[in-house]
Amino acid sequence: MRLLFPLVLSALLFSLGVYGVLARRNAVLVLMSVELMLNAVNLDLVAFDVWLRDALHAGQSLALFVITVAAAEVGLGLAIVLQVFRDRATVAVDALDELADPDTADRHRRRSWSSPRVAGSDDVDLPRIGEGERL
Amino acid sequence: MTGYEVVFTLLGVVAAGSAVLVVTARNVVRAALWLVVTLGALAGCYLVLTAELVAVVQLLIYVGAVVVLLLFAVMFTRAPIGPASDLDTGNRPVAAVVALGTAGLLVALLVDAFRQAYVEVASVPPGSAAAVGAAVFRTWVLPFEVVSVLLLAALVGAIVLSRPDIGTAGSR
Amino acid sequence: MIAAAWLLPALPLLAAAVGMLRLPRQTLAAVAVAGTAAATVLAAPLAVLTAGRGERGETSHLLAPTGAVDVTAGTLVDGLAGVVALMVCLVALAVQVYSVAYMHDDSRYRAYAAEVSLFTAAMLAVVLAGDLLVLLVGWEVMGLCSYLLIGHYRYLPEAPGAALKAFLVTRIGDIGFLVGILVLGLAAGTFRISGVLAAVPALPAGTLTTSMLLLLLGVAGKSAQFPLHTWLPDAMAGPTPISALIHAATMVAAGVYLVLRLYPAFAAAPAALAVLGCMAAVTMLLGALAALGQDDLKRVLAWSTVSQLAYMLGALAVGGVAAGAFHLLTHAAFKALLFLCAGAVLHATGSVLMSRLGGLRQAMPVTYAATVVGGLALVGVPPVSGWLSKDAVLDAAWHAARGEPPAGVSRWVAAVVLASALSTVALTAAYMTRLVLRTFHGPPRSDAAAADPPALMRWPILLLAVAAVVNGLIGARQTWLPTWIGSPDERTGVSAATTVIAVLLAAGGALLVAAAWRLDPAADPVRLLGARVAEALRAGLYLDAAQDRLVVRPVLRVARLVSTADTVLVDGTVESAGTGSQRLGRVLARLEAGNVQFYLTGLAAGAVLVALAVAVTA
């Protein structure tokens with residue numbers, strides 16, 4: 001088999017993952033796109049390992065490790081996403097702009113996609129980072 | 001086109017197609033499910049490439065655990081179960097351009113570099129799982145152990161992150 | 001003695017410096033009077049030495065060796081300087097004594113007395129200057145003192161404006177004066193007056209005429225000649241003793257003195273003399289006409305001064321140097337006298353507007369008599385001093401018109417001067433008669449209890465009245481004044497023809513006004529000329545308004561334009577550097593939108609572009 005097949009597929013998957021990371025609003029969808037990118041890399045690693053007939057199987061081993069680390073990363077990432085959701089009742093990544101320059105104040109908070117609000121939370125007085133609240 | 005190539009092409013089309021659907025679906029849950037398809041197709045690709053262990057691990061962990069975790073997160077964050085209109089930011093056109101650029105660059109680079117490369121799949125000795133396993137537990141045992149520590153750390157960190165009464169005790 | 005001539009300006013200067021200290025009022029008055037008296041005591045023997053015995057002296061100190069034309073300072077004392085210095089000292093002394101009583105209830109007497117002393121020092125510096133630059137310094141200091149003293153009454157709304165106007169108008173003349181001095185000095189290679197006069201025959205005609213014309217600008221400004229005459233009537237907002245000293249006898253005479261001093265240079269530039277003659281002819285008539293239409297006593301005298309100064313300059317233009325100097329000396333006495341009488345009237349009744357005065361003859365007999373004496377001198381009725389000097393002027397003009405030497409100008413210029421001088425005689429008589437009649441005769445229009453002024457004011461008036469009569473004795477010998485001032489070829493004589501014509505003209509003017517006044521003693525005789533004419537005369541033939549329209553308003557407009565340009569362009573540039581940076585900062589701050597995907601997009605796009613660049617160039 002021509003090596004180009006897996007390589008091109010991997011490149012396409014990677015680009016799709018880049019698109020997803022940059023274009024999706026929901027944080028979970030962003031994480032899914034990150035998974036796409038990681039899988040593309042895995043495919044590359046495996047393809048090269050087989051092509052080079054590596055005796056140490058470095059490529060496949062690294063692919064296994066990538067899968068493991070990806071799993072860990074998804075776990076932690078989702079923990080953060082859940083924490084954000086608990087604080088803000090939204091997981092839209094463009095709603096998290098506290099570090100913006102105060103002059104630009106692009107405060108178009110789109111919290112609409114998580115339509116039913118968390119009970120007790122409201123629009124005003126979004127808690128700020130550094131107020132001693134949980135992060 | 002050899003048989004391997006045909007199969008790989010089919011699997012590749014499935015993988016790429018469902019990946020497209022992952023990043024463009026209007027429905028979060030559907031996106032997660034298309035991700036399952038993508039990951040599964042990739043596992044098939046691994047099989048074609050005779051990387052059996054990786055394929056199985058992919059299915060077990062990615063499809064079995066990661067996607068489930070993602071679906072759990074989708075539920076916990078009250079994602080709308082039906083189609084939602086605001087899943088894409090205004091960044092879409094720029095992101096598309098950047099993605100196209102990345103794709104074009106990578107593909108051109110790879111094609112230019114590996115035009116003549118050929119993987120002798122047929123001549124790979126069977127039982128690569130055993131060989132890979134041996135490699136992991138011999139040559140790569142230190143990264144293996146480090147990764148397991150990493151997993152532990154991630155576990156602990158996830159728990160700390162998600163439980164409000166742990167980690168801030170003493171500052172309240 | 002002559003070498004100590006520098007003391008003459010130095011003593012009043014010292015009095016001015018001492019007079020600025022916070023001393024009791026009596027001491028200040030004593031210091032001021034003493035300074036001027038000391039100068040007078042020195043000036044008298046100096047005049048005798050220089051004028052009487054014909055001695056002259058010159059001192060010179062090198063101040064700054066510039067390598068091109070050195071700057072020196074020194075004195076030049078000759079008969080002309082001695083005589084004029086004595087006149088200045090006497091008038092200044094009279095005014096200082098008068099002021100002690102006149103300003104007895106003024107809260108700023110200290111500044112006033114010091115400024116008058118400073119002024120006296122400056123005028124004496126001009127008179128005794130041996131260098132054009134020293135003369136310039138004295139000239140400018142006089143301008144400064146004039147500004148300060150005109151604006152002395154801070155509570156008068158018109159005083160600051162009048163002071164500024166005087167300063168600015170004379171300043172315009174002074175620009176020409178300065179440039180003229182520089183041209184003359186650089187061309188002659190020295191600023192010493194004697195050196196300049198010695199170099200006159202060697203100077204090219206163009207340079208000489210240009211510099212003389214420029215100097216004439218300064219003369220016109222300082223001596224209130226057309227077109228720079230507009231400041232003198234408004235300067236009457238200052239205290240009356242100041243009007244007497246500065247604006248009648250001394251500062252305005254400085255222009256005439258300059259022409260006298262540099263006469264050899266002027267004589268060598270006939271074009272300049274012709275311009276001077278025309279200027280004088282126009283101003284003579286203008287001043288007399290405007291005087292006819294004024295209601296304010298002091299303004300009548302101010303316009304009269306303008307007219308009489310034109311007489312002096314006209315005489316100089318037609319070559320009558322001694323006649324001009326003679327009129328300068330007599331005018332100082334009788335004009336100062338008239339101003340001091342006006343001050344007495346103001347002091348007694350509180351008003352100088354003739355429409356509010358009248359019938360003061362019985363209440364103020366001394367003032368009345370003094371005014372009549374001064375008026376006769378002004379009109380030039382024999383045997384008072386003014387007759388002799390005015391007649392000398394007419395005579396000089398007559399001879400020049402007939403083409404006899406030593407006229408410096410063409411015959412027709414002299415003829416113009418003569419014609420306007422004769423007309424002015426009639427007009428002078430007319431306005432002076434009007435003044436006396438309206439102020440002292442007729443029904444009283446004011447109900448103030450008028451009385452003759454106190455002693456300290458009365459004695460200067462009396463002394464000046466005597467001087468006004470006796471000054472004419474200077475012309476008793478026709479050769480006296482010419483030799484004194486150093487032009488021995490002239491004669492200050494009177495001729496029967498000019499005397500008769502002048503007296504007839506004067507009588508005609510006076511009788512006309514008297515007859516008009518008889519018709520209604522309470523009203524202004526000038527009203528018979530019609531309301532429009534009377535208004536035009538009162539407004540100085542609208543020259544003030546013309547000056548305002550042509551000069552003042554455009555300058556103010558340009559000033560406003562410049563100010564706006566400064567605010568908008570200069571300040572705007574500076575400020576826009578700040579605001580522009582801020583705006584740029586705000587634009588760039590949009591990059592910090594806080595949106596992670598935005599940052600990542602930038603990163604990815606940048607990486608792709610860099611990779612592309614590498615791929616393409618490799």
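Derivation of every value follows stated rules applied to the coordinates shown; laboratory data play no part. All of these numbers come straight from a predicted model, not from anything done at the bench. Glycine also receives a Cβ, built like all others from the backbone with ideal geometry; neighbour counts cover every protein chain displayed.
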Where nothing but the Cβ of Lys and Arg (+1) and of Asp and Glu (-1) is charged, how large is the charge dipole of segment C:546-617 around its Cα centre, in debye to the nearest 20?
300 debye
So for segment A:4-95, using the alpha carbon gyration tensor with a ≥ b ≥ c as root eigenvalues (a/c under 1.5 gives rounded; past that, a/b versus b/c decides prolate or oblate), I'd call it oblate
Under a no-solvent Debye model with one identical scatterer per Cα of chain C, what's log10 I(q)/I(0) at q = 0.06, 0.07, 0.10, 0.11 Å⁻¹?
-0.35, -0.45, -0.84, -1.02
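For a test of the definition: using alpha carbon positions, the gyration tensor, and the 1.5 limit on a/c, classify chain B as rounded, prolate or oblate.
Details: a/c = 2.04, a/b = 1.23, b/c = 1.66.
The shape class here is oblate.
Filter the chymotrypsin sites (Phe, Trp or Tyr not before Pro) in segment C:518-606 to those in DSSP coil with at most 15 other Cβ atoms within 10 Å of their Cβ, and list the result. Write down the numbers at each step before the final one.
Numbers: sites: C:542, C:598, C:599; in loops: C:542.
Passing both the DSSP loop test and the Cβ count: C:542.
Give the average, rounded to an integer, of partner chain Cβ atoms located within 10 angstrom of each Cβ in B:41-47. Intermediate results must be reported in sequence, preceding the final value.
Details: counts 2, 9, 1, 0, 9, 8, 0.
Average neighbour count from other chains, rounded to a whole number: 4.
Going by a ≥ b ≥ c, the root eigenvalues of the Cα gyration tensor, does segment C:322-414 fall in the rounded group (a/c under 1.5), the prolate group (a/b larger than b/c) or the oblate group?
Working: a/c = 3.41, a/b = 2.95, b/c = 1.16.
Cα axes put segment C:322-414 in the prolate bin.
Between residue C:603 and residue C:567, what FRET efficiency follows from the Cβ-Cβ distance if R0 is 45 Å, with the result rounded to 0.05? All intermediate terms of the calculation are to be shown ahead of the outcome.
Values: r = 47 Å, r/R0 = 1.03.
Result of the calculation: an efficiency of 0.45.
Based on the Cβ-Cβ distance from residue C:17 to residue C:48, what FRET efficiency comes out when R0 is 45 Å, to the nearest 0.05? Could the numbers behind the result be given before it?
Numbers: r = 29 Å, r/R0 = 0.65.
E between residue C:17 and residue C:48, to the nearest 0.05, is 0.95.
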Relative contact order (percent, whole number), segment B:1-82, Cα cutoff 8 Å, 6+ residue spacing
31 percent
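Tell me, C:298, C:222 in order of fewest to most beta-carbon neighbours within 10 Å? Write down the numbers at each step before the final one.
On the way: C:298 25, C:222 28.
The most exposed by this proxy come first: C:298, C:222.
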Can you give the Kirkwood hydrodynamic radius of the protein assembly as shown from its Cα pairs, in Å with one decimal?
36.5 Å
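How many percent of the alpha carbon pairs in segment C:444-497 exceed a separation of 14 Å? List each step's numbers first, then the result.
Values: 1005 of 1431 pairs.
Everything past 14 Å amounts to 70 percent.
Working out 0.36 nm times the residue gap between residue C:532 and residue C:551, then minus their Cα-Cα distance, what length gain in nm do you get to one decimal?
Numbers: separation 19, 0.36 × 19 = 6.84 nm, distance 2.50 nm.
Extending this stretch completely gives an extra 4.3 nm.
Using the beta-carbon distance between residue C:355 and residue C:451 and R0 = 35 Å, what value does 1/(1 + (r/R0)^6) give for FRET efficiency, to the nearest 0.05?
Numbers: r = 21 Å, r/R0 = 0.61.
For residue C:355 and residue C:451, the calculated efficiency is 0.95.
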List the lysines whose alpha-carbon lies under 18 Å from that of residue C:298, not counting same-chain residues fewer than 8 positions away?
C:165, C:335
When only alpha-carbon atoms count, how far does segment C:366-453 stretch along each of its three principal axes, as whole angstroms with the largest first?
56, 21, 16
Counting Lys and Arg as +1 and Asp and Glu as -1, each charge on the Cβ, what is the dipole of chain C about the Cα centre in debye, to the nearest 20?
780 debye
Taking only Cα atoms, what is the 0 to 90° angle, nearest 10, from helix C:109-128's long axis to the longest principal axis of chain C?
80 degrees
Can you give the charge dipole size of segment A:4-95 about its Cα centre, rounded to the nearest 20 debye, using +1 on the beta carbon of Lys and Arg and -1 on the beta carbon of Asp and Glu?
260 debye
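From the convex hull of the Cα coordinates of segment C:387-528, what is the mean projected area in square nanometres? Spell out each step's value before the answer.
Details: hull surface 46.3 nm².
The Cα convex hull of segment C:387-528, projected and averaged over all directions, gives 11.6 nm².
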Can you list the trypsin sites (Lys or Arg not before Pro) in segment C:92-171 that are in a DSSP coil and have 10 or fewer other beta carbons within 10 angstrom?
C:154
Trypsin sites (Lys or Arg not before Pro) in segment C:416-505 lying in a DSSP loop, each with at most 14 other Cβ atoms within 10 Å of its Cβ, come to C:477
Would you mind estimating how fast segment C:270-541 diffuses translationally, via Stokes-Einstein at 25 °C and 0.890 mPa s with the Kirkwood radius over Cα pairs, in µm²/s?
132 µm²/s
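Can you tell me the order of C:54-62, C:330-338 when each peptide is scored by its average per-residue count of other Cβ atoms within 10 angstrom, highest first?
The peptides rank, most packed first, as C:330-338, C:54-62.
Rank these for me by crowding, C:251, C:103, going from fewest to most other beta carbons within 10 Å.
Working: C:251 28, C:103 20.
Ascending Cβ contact count within 10 Å gives the list C:103, C:251.
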